[in-house]
Every structure is written in C-alpha cells, then in structure tokens.
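The structure appears below as structure tokens.
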Amino acid sequence: MVPPRLAKVRLPIETPRLILRLPSRQDVPDLRRSLRDPRTAMAVGAPLHSKQEMRNPVAMVSRTRSEYRRGEHLSLSVVHRETGKCIGRIGLRGLSWTHQKVESLSYWIDPHFWNQGYATEASYFLCREAFERLGLRRIASQALDRNIASLRVLRKLGFVEEGRERAAVCVKGKCMDMVLFGLLRKEMRPANRVSSAWSRRS
Ligand SMILES: CC(C)(COP(=O)(O)OP(=O)(O)OC[C@H]1O[C@@H](n2cnc3c(N)ncnc32)[C@H](O)[C@@H]1OP(=O)(O)O)[C@@H](O)C(=O)NCCC(=O)NCCS
C-alpha cells in the first residue's frame, strides 16, 4: 500500500512528448541497452545504481517499485510517446515529509535522445507534481561541474546554485567538484519559459 501522501501524485504523468510511469519489466530491454552505452554507464553508476543493477535492470525495476510502496523515493521510467520506448529514468530521491523537501532530483536519458529537451521536459513536469500535489517546498539536485548538459537542465528549470562540494568525486586520480542546487516552489520557471526546447523540436 503506497503511503497516501505519495499516492497524491497521479501516475502516469503525461507531458507533451513523454509518459512518466513506474518502471515495469517491459522496460528492461531498453534499460539494458541504454545502460550498456559507456556514455550513460559513466554518469549513472554508483550511487544511483549498483553494478548488479547496471548489468541486470530487472533488479532496478523491483527495487524502484518497493521504494515507491514504502514512500521513500519516486523513480519513474521516461517513456517516449511516439515510439513507446523507455528512454531513461527520472526520480525524486530522499523524500522528507517532515521538512517537505527532496534530497535529489536525478535523471538520465538514453544518449540517442540527448539534446532534444527530454530531460528538461520530464523534470519540469515531475517537479510541478512535487510542488503542487505533494506540497513540497524544496527540491535539491547535484551535478558534477563538468556535466554541462545536466547543469544546463537545472538552470533552465530555475534551480539556484547553492554551493560546491570540492573534489567530491575522484576517478583514476582525477577529482571533480559537485555543484549543489536547490529549487523553491516560487523559483520554478513557468512552462512557457522552459518549453522552447520541446515545442521547437516536436
Ligand atoms: C544530463 C542529461 C540527462 C540531459 O538530457 P537531455 O535530454 O539531453 O537534456 P535537455 O535536452 O533537456 O537539455 C540539455 C541542454 O544541455 C545543452 N548541452 C548539452 N551538451 C552541451 C555542451 N557540451 N555544451 C553546451 N551545452 C550543452 C543542450 O544544448 C541543452 O540546452 P538547450 O536546450 O539550451 O539547447 C543527459 O545528458 C544524460 O543522461 N547524461 C548522462 C546521465 C547524467 O549525467 N545524469 C545527470 C546526473 S547529475
């Protein structure tokens, strides 16, 4: 039984070009293909997914559905309306009902669909649900300072840079900073300011 507060988000969430819904086994072949792509694998490994889940997304699907039932996280498949393909994932992780906030908006999109406004579109509609239906006040997110696309997505939506975790992630001796963002309800850009990408490209 999903906690009543989380059940206020009516699934699926329909956007102009996407459907955001709980993951299911039918997504597994698409997820597996995307996660094998080194461009995705490099960016979405730990802590979002374990090695086992990267190899076998069936585990990811079951974990996501249990977390949803427990009211801990809301992670959804991003489905492309036109083709019916699962082209990524988006989630609100670390829901705090006490403080009406979320620790992290996270997302990834299959590289074949990059730069067409899909992450921005999915994030906009999920954040809107979180503010309007869940009554959240604050959504945080983080992106490595070299992740230009993710920084751009967050800034387009109105996220405000709040700080920087220096040398947060070190890979093969090379350390990178993590940029910390926050979005309050009144700061979210209205749809007409963030929609140019999806209307221009649809
Ligand atoms: C980050 C990610 C989700 C973005 O998805 P997307 O659907 O391509 O995002 P959008 O198309 O909505 O927006 C991307 C923006 O970045 C811009 N961008 C991308 N690469 C860029 C670059 N090298 N230089 C400048 N701008 C760049 C795009 O032009 C676009 O901005 P615009 O609409 O103003 O033109 C996708 O790149 C991804 O899955 N990356 C791997 C996983 C990841 O990094 N997840 C986030 C972890 S914090």
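The values are calculated or read from the model by the stated rules, or taken from the named source; none is laboratory data. Note that the coordinates shown come from a computational prediction; the quantities given were computed from them, not determined experimentally. Cβ placement follows ideal geometry from the backbone for every residue including glycine, while neighbour counts extend to all protein chains displayed.
The residue that is surrounded by the fewest Cβ atoms within 10 Å (Cβ to Cβ), among those in the range 145-202 that are aromatic (F, W, Y) and at pLDDT 95 or above, is F181. One residue is enough: does the range 98-109 have a residue meeting the conditions of a type in the set (K, R) and within 24 Å of M178 (Cα to Cα)? There is at least one residue in the range 98-109 that is of a type in the set (K, R) and within 24 Å of M178 (Cα to Cα). Residues satisfying the criterion are absent from the range 24-40 (criterion: closer than 20 Å to A119 by Cα and in contact with a Leu (Cβ under 8 Å, 6 or more places away or on another chain)).
Within the range 47-62, one or more residues are under 27 Å from E129 (Cα atoms) and surrounded by fewer than 13 Cβ atoms within 10 Å (Cβ to Cβ). Within the range 143-156, residues that are under 13 Å from L180 (Cα atoms) have Cβ atoms under 9 Å from residues that are more than 6 Å from the ligand (Cβ to nearest atom) and assigned to a helix (DSSP H, G or I) in these pairs: A143/L151; A143/L154; L144/L151; D145/L151; L154/S123, counting only partners at least 6 apart in sequence or on another chain. For the range 109-140, taking the residues that are buried (at least 17 other Cβ atoms within 10 Å of the Cβ), free of Cβ contacts under 8 Å to residues at least 60 places away in the same chain and near the ligand (Cβ under 7 Å from one of its atoms), the one that is farthest from R93 (Cα to Cα) is identified as F113.
What are the residues in the range 90-107 that are within 12 Å of the ligand (Cβ to nearest atom) and closer than 16 Å to L157 by Cβ, if any? Across the range 90-107, the qualifying residues are I90, G91, S104, L105, S106, Y107.
When R89, R69, R81 are screened for being of a type in the set (K, R) and surrounded by 20 or more Cβ atoms within 10 Å (Cβ to Cβ), only R89 passes.
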